[in-house]
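Reading through the structure tokens given below for one structure.
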Amino acid sequence: MKPIKLVSVLLAAGGSRRFNGVKLSCRLNDGQSLLQRSIEQLQQGCRQFLAKQATGGLTPGIVSLPLTPSVIVPAARVSPAIALPVMASPVIASPIIVLTPLTVILGGHNECLAPLLPQGTAYRLNPDWQQGLSSSIRLAVKHALEHEADALLLALGDQVALDASDYAALLHCFLASVTPNRAKGGQTTAAFYRQSPGVPAIFLADDFAALNQLSADKGAKAILVERHNRQQLQLLPLERGAIDIDTQIELAQWLAGA
């Protein structure tokens, strides 16, 4: 089976209007900015996934997830699409998923945020960032198409509670949906929190047209819900995804409890 080429994009172009400041530049308890933490955790999660795939710890149709509260949900509370088998995996001869290096989309406050990017991190400027989140999603889709990607992982820069294991688990979940009879491989895969699908999420190339139709400050939730209603969505219970930073009060509360 031909490897699936997956592009990862972190959306960080917002103007932080509710925050009344440069949200993603704010320092966390470990001294990192919120943007730096988000980038580091996503990159580490990708590396964890690739390392396990390279050693034969993963195979299509089977997922092995860490047994943490973030991924354990009683079976009675979730649909069959959410129930994920946990089992050992045989060695695979070649990678099923090939990841390109992470790209960050900047827009508002890019003069402050670009210098905070870890060395070597690629980024693109969204000149239309004031049109809302949808403009950054469209730029992410354009980036994926330029790289002839089969799938696109979208993540947000302000989901402060997510760590590397969460992103690795999302990739594992996506791999679990890959079967030999899927011509293009895989199924749209999303985090599940607050009883609803959301980002981070992995979209197939078949989803790109719908993503390009988004407007204003609308994200991809409506697309994910529609896919879920049609039983075309793989879900990963990930309650930490519900925590994001929109205001200075929320940041202070997170720092106090972290």
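The values are calculated or read from the model by the stated rules, or taken from the named source; none is laboratory data. Just so it is clear, the structure is predicted and the values come from calculations on it, not from any experiment. Counting neighbours? That spans all protein chains shown, and the Cβs are built from the backbone with ideal geometry, glycine included.
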TODO: For Leu10, indicate whether it is modelled with pLDDT of 95 or more, part of a helix (DSSP H, G or I) and under 30 Å from Thr247 (Cβ atoms).
DONE: no
Task: When residues of region 216-229 are limited to those that are farther than 23 Å from Ala149 by Cβ and either of a type in the set (A, V, I, L, M) or in a loop (DSSP other than H, G, I, E, B) (or both), the one farthest from the chain's Cα centre (by Cα) - done: Ala216
Task: Those helices (runs of 4 or more DSSP H) lying entirely in region 109-187 with at least 3 residues under 23 Å from Gly21 (Cα atoms) and in contact (Cβ under 8 Å) with a residue 12 or more places away in the chain - done: 110-113, 133-146
TODO: Please tell me if Gly186 is buried (at least 20 other Cβ atoms within 10 Å of the Cβ), over 19 Å from Phe49 (Cβ atoms) and in contact with a strand residue (DSSP E or B) (Cβ under 8 Å, 6 or more places away or on another chain).
DONE: no
Open item on the list: So the check is Cβ under 7 Å with 6+ separation or different chains; which pairs have a first residue in region 241-258 that's more than 24 Å from Ala168 (Cα to Cα) and in contact (Cβ under 8 Å) with a residue 12 or more places away in the chain and a second one that's surrounded by 15 or more Cβ atoms within 10 Å (Cβ to Cβ) and aromatic (Phe, Trp, Tyr)?
Closed with: Asp246/Phe19; Thr247/Phe19; Gln248/Phe19
Open item on the list: Yes or no: region 189-206 includes at least one residue that is in a helix (DSSP H, G or I) and without any contact (Cβ under 8 Å) to a residue 40 or more places away in the chain.
Closed with: yes
Task: Matching residues, region 208-224, being surrounded by fewer than 19 Cβ atoms within 10 Å (Cβ to Cβ) and free of Cβ contacts under 8 Å to residues at least 60 places away in the same chain - done: Ala209, Ala210, Gln213, Lys221, Ala222
TODO: Could you please let me know if Leu211 is within 20 Å of Thr103 (Cβ to Cβ) and touching a helix residue (DSSP H, G or I) at 6+ places or on another chain (Cβ under 7 Å)?
DONE: yes
Open item on the list: Considering only region 237-244, I want to know if a residue exists there that is part of a strand (DSSP E or B) and either touching a helix residue (DSSP H, G or I) at 6+ places or on another chain (Cβ under 9 Å) or buried (at least 21 other Cβ atoms within 10 Å of the Cβ) (or both).
Closed with: yes
TODO: Could you tell me whether any residue of region 30-47 is surrounded by fewer than 18 Cβ atoms within 10 Å (Cβ to Cβ), at pLDDT below 50 and polar (S, T, N, Q)?
DONE: no
